[in-house]
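Below you'll find the structure, written out as structure tokens, and then a few comments.
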Amino acid sequence: MIAYVKGTLEEIGSDYVIVDVNDIGYQIKVSLRVIEGLPGIGSQVKIHTYTYVREDVLALYGFLTKDDLQMFLLLLGVNGVGPKGALGILSMFSAQELRLAIISQDSKTIAKAPGIGAKTAQRMLIDLKDRVSVEETFEKLGDETVHVSSVKQENTGARSDAIEALTALGYSVSESMKAVNAVEITEDMTGDTILKQALKHMF
């Protein structure tokens, strides 16, 4: 298996890139998010890859981070989701956004991905709910926004109340969780207080 390809970015297509490694061009299928995150032609790039092999198919799928690659592999484990579908999902959502949707059982958000209907979204939630760690998700989310303090982790009741209130206002569960997690929560904060602070992160 090819773990990654590191070389000169020679070409960017609508759903692929070509990377030159010692005068050998590797064509790698990528998501729209990868294309948007690439530097210009001629730049040096490192793309983490997965080698897909079937009787009549040999293809490389590439990602800018190991995190996205790991999520791609998880998606391939879902019945009915192939590499094309998994790549389509990761074109619309980051790995972290998918984790939030999975742990919050937010099938409506996942169903927005191209080629993923309501039934497939529900199947994803069932198949992946035990394979996505809540602790890891909030730890990564904390790295992206603010540090997740022990106080924030302990004040779960007020946080849950705030998330429930946000979803009642029409926000998705994953959006609500992300906004609440961005609030600096103290021990004396109520659900209403957290809600007011979280709403500021919605705009």
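Every read-out reported here was derived from the displayed coordinates using simple, explicitly stated rules and does not represent laboratory data. The structure displayed is predicted, hence computed values, not measured ones. Positions of Cβ are backbone-derived with ideal geometry, glycine not excepted, and every protein chain shown enters the neighbour counts.
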Gain on full stretching of the segment that runs from Asp23 to Glu11 - 0.36 nm per residue minus C-alpha separation: 3.0 nm
Considering the values (i) 23, 20, 16; (ii) 72, 20, 15; (iii) 36, 19, 14, which represents semi-axes √(5λ) of the Cα gyration tensor in Å as calculated for the structure under consideration? (iii)
Where does each of Val53, Val183 land when they are ranked from fewest to most other beta-carbon atoms within 10 angstrom? Val53, Val183
Report the one residue of Gln27, Gly62, Ser14 whose Cα lies farthest in the direction of the positive end of the charge dipole of the range 4-64 (charges on C-beta: Lys and Arg +1, Asp and Glu -1; origin at the Cα centre). Gly62
Would you calculate, for the chain, the mean residue ellipticity at 222 nm contributed by helices, counting each DSSP H stretch of 4 or more residues as -39,500 (n - 2.57) and dividing by all residues, to the nearest 500? -14000 deg cm²/dmol
Pairing the Cα long axis of helix 118-128 with the longest principal axis of the chain, what angle in degrees results, from 0 to 90 and rounded to the nearest 10? 90 degrees
Which of Gln27, Gln96, Gln44 moves most in a GNM of the chain, Cα contacts under 10 Å? Gln44
Can you tell me the orientation of helix 191-200 relative to the chain, as the angle in degrees between its alpha-carbon axis and the longest Cα principal axis, to the nearest 10? 40 degrees
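Quick one: which of Lys46/Lys129; Lys46/Lys66; Lys6/Lys29; Lys29/Lys84; Lys84/Lys119; Lys29/Lys129 span more than 21 angstrom between C-alpha atoms?
Working: Lys46/Lys129 31 Å; Lys46/Lys66 11 Å; Lys6/Lys29 15 Å; Lys29/Lys84 9 Å; Lys84/Lys119 17 Å; Lys29/Lys129 27 Å.
Table pairs above 21 Å Cα-Cα are Lys46/Lys129; Lys29/Lys129.
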Run the reach check for Lys196 against lysines, Cα to Cα strictly under 21 Å, same-chain hits fewer than 8 apart removed. What comes back? Lys152, Lys178
Alpha-carbon centroids, the range 1-15 and the range 52-83: separation in whole Å: 15 Å
Taking the Cβ-Cβ separation of Leu73 and Ala168 as r and a Förster radius of 41 Å, what is the calculated FRET efficiency to the nearest 0.05? 0.70
On the formula 1/(1 + (r/R0)^6), with r taken between the Cβ atoms of Asp188 and Lys46 and R0 of 35 Å, the FRET efficiency rounded to 0.05 is 0.15
